[in-house]
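K.L.:
Pasting a structure below so you can have a look.
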Amino acid sequence: MGVRLTTGLLLPEISIDLSIPTSELAFGFGVQNLLWGAISPIAGMMAERYGTAKVLLSGAIVFIVGMFWAALTESSWGFFMANAVLIGIGVGATTFPIVLGAVGKRFPAHKRTFALGITSAGGSFGQFAYAMLLGQTDAFLDWSQIFILFGSSLLLIILACWFMRDREETYVADELDLSDDSSGPRPLFNWQAVGEAFQNRSYQLLNVGFFVCGFHIALLTVHMSGVVSYCGLPPEMASNSLAVIGLANVVGVIIAGWAGDRWHKPWLLLLIYWLRACLLMALVFIPMNSQLFYTFSVIMGVLWLSTVPLTSGAVAQLFGTKNLASLFGFVMFSHQIGAFFGSWWGGLIFDEFGSYHWALLLSAGLGVLAAAVHLPITPKKLQSYASAN
């Protein structure tokens, strides 16, 4: 996640070096997000069938190849294939649904969301570390050298897979899964479970909310350099702010996980999206200086990926953990569809108006929508569906 969430900061340099318009590069990052989402449920199903380590290993190899190809190509088409296609597939097979699906099975219901929050904090700390590294190296390395450096660091995933290779995933049954036989053979694609999930209104609304989350994250990660410029601030603020967001979210996701084990998760999500909308409106209507922008980054950071343990925890509360990797994978697909539009439309709006004003307003409006869709997911509805299954 650290690699994925910081490479967008290099968009202006890539645009100049390869002579690719901002909107086209943003479209490529959007396709990357879309493929990430499309791969997530498939990778989740494969992890449930063949094991987490094998899927992570395969995804890491594709991710590394994509990073090196993107760094070495001199054509716009080559960069698109590497950055949009291969990196998109690699990220989809190495991030949240696969990892959280494995972790969710190891903890009982009353501790699960907190565990998912701690795990999600790994992605947040990665964002902080890589953004800081990029800020320190961007002065003497060009974007292609940074891609090679970051791509090489992905070997750490392969090392982690080596330690996981002989370990059976411990399964902790809860009240939704007492009848499940996790040791028996199971089909690769459990389409019955997927179909039943999509018939559930609460699951549909969680998908809508996570779509907006993806829009927010992609707009600010891919276009952070442009947003900083829009606010009239120096360029180095971009990497520094992204690092601050990542560091603050280490605390934010853990707090969200802790709170999700104690209070109703969808209403916590409602609060997060409403606060995000307020922050985005502040960027538009309040003149920014460095201190205010860092304050924005800290508060946005606390909210940044705090939706992940709460949304995945709500899915586990609805359906149990047996198919959590695949069911949360489909929610992740919705997230990445939102990320596709956040990345692409951010570039289109900038090319059309020469400013991120309308993109930020659109993002704020979607935040209000996301807050509203979680209101109907009442504790009674979650409990009644879980009890029926």
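The values are calculated or read from the model by the stated rules, or taken from the named source; none is laboratory data. Owing to the predicted nature of the structure, the values given are computational and were not obtained by experimental measurement. Here Cβ is always computed from backbone atoms with ideal geometry, including for glycine, and neighbour counts include all displayed protein chains.
K.L.:
Given the options 20, 14, name the one that is farther than 23 Å from residue 120 by Cα, touching a residue at least 24 places away in the same chain (Cβ under 8 Å) and not in a helix (DSSP H, G or I).
P.N.:
The unique qualifying residue is 20.
K.L.:
How many residues are basic (Lys, Arg) and at pLDDT 95 or above when one looks only at segment 258-284? It would help to see each step written out before you state the result.
P.N.:
Filtering segment 258-284 for residues basic (Lys, Arg) gives 262, 265, 276.
Restricting the remaining residues to those that are at pLDDT 95 or above gives 276.
The total comes to 1.
K.L.:
Quick check: is even one residue across segment 356-370 outside any helix (DSSP H, G or I) and either more than 20 Å from the chain's Cα centre (by Cα) or free of Cβ contacts under 8 Å to residues at least 40 places away in the same chain (or both)?
P.N.:
Yes; the residues of segment 356-370 include at least one that is outside any helix (DSSP H, G or I) and either more than 20 Å from the chain's Cα centre (by Cα) or free of Cβ contacts under 8 Å to residues at least 40 places away in the same chain (or both).
K.L.:
Still on this structure, I have one more. Whether any residue in segment 285-292 is under 20 Å from residue 242 (Cα atoms) and crowded, with 17+ Cβ neighbours inside 10 Å is what I want to check.
P.N.:
Yes - at least one qualifying residue is present in segment 285-292.
K.L.:
Out of 15, 40, 23, 19, report the one residue that is under 20 Å from residue 221 (Cβ atoms) and out of contact with any Gly (no Cβ under 9 Å at 6 or more places or on another chain).
P.N.:
The conditions single out 15.
K.L.:
Please give the number of the condition residue 7 fails out of (1) surrounded by 22 or more Cβ atoms within 10 Å (Cβ to Cβ); (2) touching a Gly at 6+ places or on another chain (Cβ under 7 Å).
P.N.:
(2)
K.L.:
Collect the residues in segment 38-75 that are closer than 24 Å to residue 148 by Cα, under 20 Å from the mean Cα position of the chain (by Cα) and not aliphatic (A, V, I, L, M), keeping them in residue-number order.
P.N.:
Answer for segment 38-75, where residues must be closer than 24 Å to residue 148 by Cα, under 20 Å from the mean Cα position of the chain (by Cα) and not aliphatic (A, V, I, L, M): 58, 59, 63, 66.
K.L.:
Going by the conditions given, is residue 277 part of a helix (DSSP H, G or I), farther than 27 Å from residue 374 by Cα, hydrophobic (A, V, I, L, M, F, W, C) and in contact (Cβ under 8 Å) with a residue 12 or more places away in the chain?
P.N.:
Answer is no for this residue.
K.L.:
Considering only segment 322-344, I want to know if a residue exists there that is within 23 Å of residue 251 (Cβ to Cβ), in contact (Cβ under 8 Å) with a residue 40 or more places away in the chain, of a type outside the set (Val, Ile, Thr) and touching a Lys or Arg at 6+ places or on another chain (Cβ under 8 Å).
P.N.:
no
For every residue, the table says whether it meets (1) modelled with pLDDT of 95 or more; (2) assigned to a helix (DSSP H, G or I); (3) surrounded by fewer than 18 Cβ atoms within 10 Å (Cβ to Cβ).
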{"site": "38", "(1), (2), (3)": "no, yes, no"}
{"site": "45", "(1), (2), (3)": "no, yes, no"}
{"site": "48", "(1), (2), (3)": "no, yes, no"}
{"site": "54", "(1), (2), (3)": "no, yes, yes"}
{"site": "58", "(1), (2), (3)": "no, yes, no"}
{"site": "62", "(1), (2), (3)": "yes, yes, no"}
{"site": "65", "(1), (2), (3)": "yes, yes, yes"}
{"site": "71", "(1), (2), (3)": "no, yes, no"}
